Amino acid sequence: MTENPVTLLAERLTDPVALAAQVAAGQTPELAEARSLWHPQSLADGHAGVALLLAALAHTEPGYSGPGYSRATHAHLTAAVTGVSRPAREGLYAGLPAVAFAARTAVTKPGEYAALLTGLDGQVALLARRIIEEDTPRMAAGTAGARMTGYDVVAGLSGLGRLLLAAGPEHRETTELVLAHLVALTRPVTEPGGRSVPGWWTADPILFSEPDGIPGGHFNAGLAHGIPGPLALLSLAHRAGVRVPGQERAIRTITEWLLARRSPDGAGWPNIVPLDAELTAASGARPELAEARTGWCYGTPGVARALQLAALALKEPEWNRQAVAAIARACDRSDFADPTLCHGLAGLTTIVTLMAREPGGEELARVIPGLTDALSAAADPAHPFLWPAAAPGVGSVVHRPGFLDGAAGAALALHCATNPQAPLGELPWQAALLLC
């Protein structure tokens, strides 16, 4: 297509009232699923997530023609807080923290959104402290059973901690409490069978939509819901000079664990490590763990970026070398049917773009043009949001405008990969994925 798909999508998403009405109408099965997932305060599927794209374009004005992106961003933020009931479960991707993240990415000059952010940041800090208080007795007793929603990126302390880190000195104390809690998460615990295991052992199901857990529990290895999320936050905070006792040791503990639990061919990481496989690994043997996905949420790309952040924080070039080699192999063998951020082409493109800009990652620059060409080719103006997301079933798609599994995320990935000098403001949108 000749027209820039990023600006074309932005034009279709500019009006929050029209967009919400379009999603609410749900006149086709493909749009009906988007309606069931939409919430105004969702960073994944809502006004908050759409605002991330418009805010990123606002930072590049006046180079981009079309609507006033700053005004459109403001309109979506307003829609996210006007007459909206907060969701029952809040975290970085839902509720007031999602609005706070979007608003901070939208700041283009000192003082902008200051009053809104002051109130929202306070709510984020309260939520983080509440999660810590609820889990502290379990941790103090050394009882196994970490909840993924307590520590992960999407709903837990890793995501909230990244937002608090960006909030600055006013919330330094709470940020340090978050970091200390994640450090404590890396200490061994005794699982129900009486064996000592890493502290992030969980009996939770891998997906909350699947109530049956893994027999014996598991250790989640995905960036979205697993231990790479805490690793990324601890590393980013360390690089920013925000440090607590034990932080460096925790970074090393997680990194060494991840490097020892790749697939037998060393190519990538599994979604999870079941208890029996963990016990095998702890005995010194390499368990049979197959790479199950190549995405941000689970699999090699997300883990590799977390490892690179750890390498940069502690100045460990060998970790970085292994992370870059792993993502290079993933690029050579990946063929994505889904263009979105969570587990699709946009997520891989975003991670490769960031990793290529770091010391030791320069070799990855060679694959970026192919990734962006494929992402651009996946955009079709005949679809309501250009980039349809893959859905269960052969040849089935859904049309979602949002950030994580929708078109806004695909557009952001393409925009930033093809405009490497574009300013991103004080909080880059990629921070919502704990990638920076």
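The values are calculated or read from the model by the stated rules, or taken from the named source; none is laboratory data. Small disclaimer: the values here were computed from a predicted structure and weren't measured. Here the Cβ is made from the backbone with ideal geometry for all residues, glycine too, and neighbour counts use every protein chain on show. We work out accessible area using only protein heavy atoms, side chains counted, and drop any ligands, DNA or RNA first. Shrake-Rupley method; radii C 1.70, N 1.55, O 1.52, S 1.80 Å.
In the chain, taking the dipole from charged Cβ atoms about the Cα centre, the farthest positive-side position among 406, 183, 290 is held by 183. Quick one: length gained pulling residue 187 to residue 243 fully straight, 0.36 nm per residue minus the C-alpha distance? Additional length available on full extension: 18.4 nm. Taking amide H as placed 1.01 Å from N in the peptide plane, the amide H of residue 199 sits under 5 Å from that of 187, 189, each at least 5 places away or on another chain.
Please identify the chymotrypsin sites (Phe, Trp or Tyr not before Pro) of the range 177-276 that satisfy two criteria: DSSP loop assignment and at most 14 other Cβ atoms within 10 Å. Which are they? Mind showing how you got there, number by number?
On the way: sites: 200, 201, 208, 219, 257; in loops: 200, 201, 208.
Hits after loop and neighbour filter: 208.
Relative to the dominant Cα principal axis of the chain, helix 157-167 is inclined by about 60°.
Taking all Cα pairs closer than 8 Å and separated by 6 or more residues, the relative contact order of the chain comes to 17 percent.
Could you give the length gained on full extension between residue 85 and residue 321, defined as 0.36 nm per residue of separation minus the Cα-Cα distance, in nm?
Numbers: separation 236, 0.36 × 236 = 84.96 nm, distance 4.66 nm.
Extra length from residue 85 to residue 321 when fully extended: 80.3 nm.
How big, in percent, is the set of alpha carbon pairs in the chain lying more than 31 Å apart?
Numbers: 34139 of 94830 pairs.
Value for the chain (Cα pairs over 31 Å): 36 percent.
Note on the chain: GNM, Cα springs under 10 Å; of 309, 182, 364, the largest mean-square fluctuation is that of 364. Computed extension gain for residue 139 through residue 8, at 0.36 nm per residue and net of the alpha carbon distance, reaches 42.2 nm.
For the chain, which whole percent of the accessible surface, found with a 1.4 angstrom probe, sits on carbon and sulfur atoms? Walk me through the numbers on the way to the answer.
Numbers: 8890 of 16440 Å².
After summing per-atom areas, the C and S share lands at 54 percent.
For the pair residue 383 and residue 170, label points projected 7 Å from Cα toward Cβ lie 3.9 nm apart. Here the label points at residue 421 and residue 373, each 7 Å from Cα along the C-beta direction, are separated by 2.4 nm in the simple model.
When all protein chains stay in place and ligands, DNA and RNA are ignored, the 1.4 Å accessible-area order of 134, 278, 318, 358, largest first, is 134, 318, 358, 278. Given +1 at the Cβ of Lys and Arg, -1 at the Cβ of Asp and Glu and no other charges, the dipole of the chain around its Cα centre is 760 debye to the nearest 20.
Let's see if you can work this out: charge +1 on each Lys and Arg Cβ, -1 on each Asp and Glu Cβ, no other charges. What is the dipole magnitude of the range 93-179 about its Cα centre, in debye to the nearest 20? Don't jump to the answer; show the numbers that get you there.
Values: 8 positive and 9 negative charges, 27 e Å.
Here the size comes out at about 120 debye.
Taking the C-alpha atoms only, the angle from helix 96-105 to the longest principal axis of the chain is near 70 degrees.
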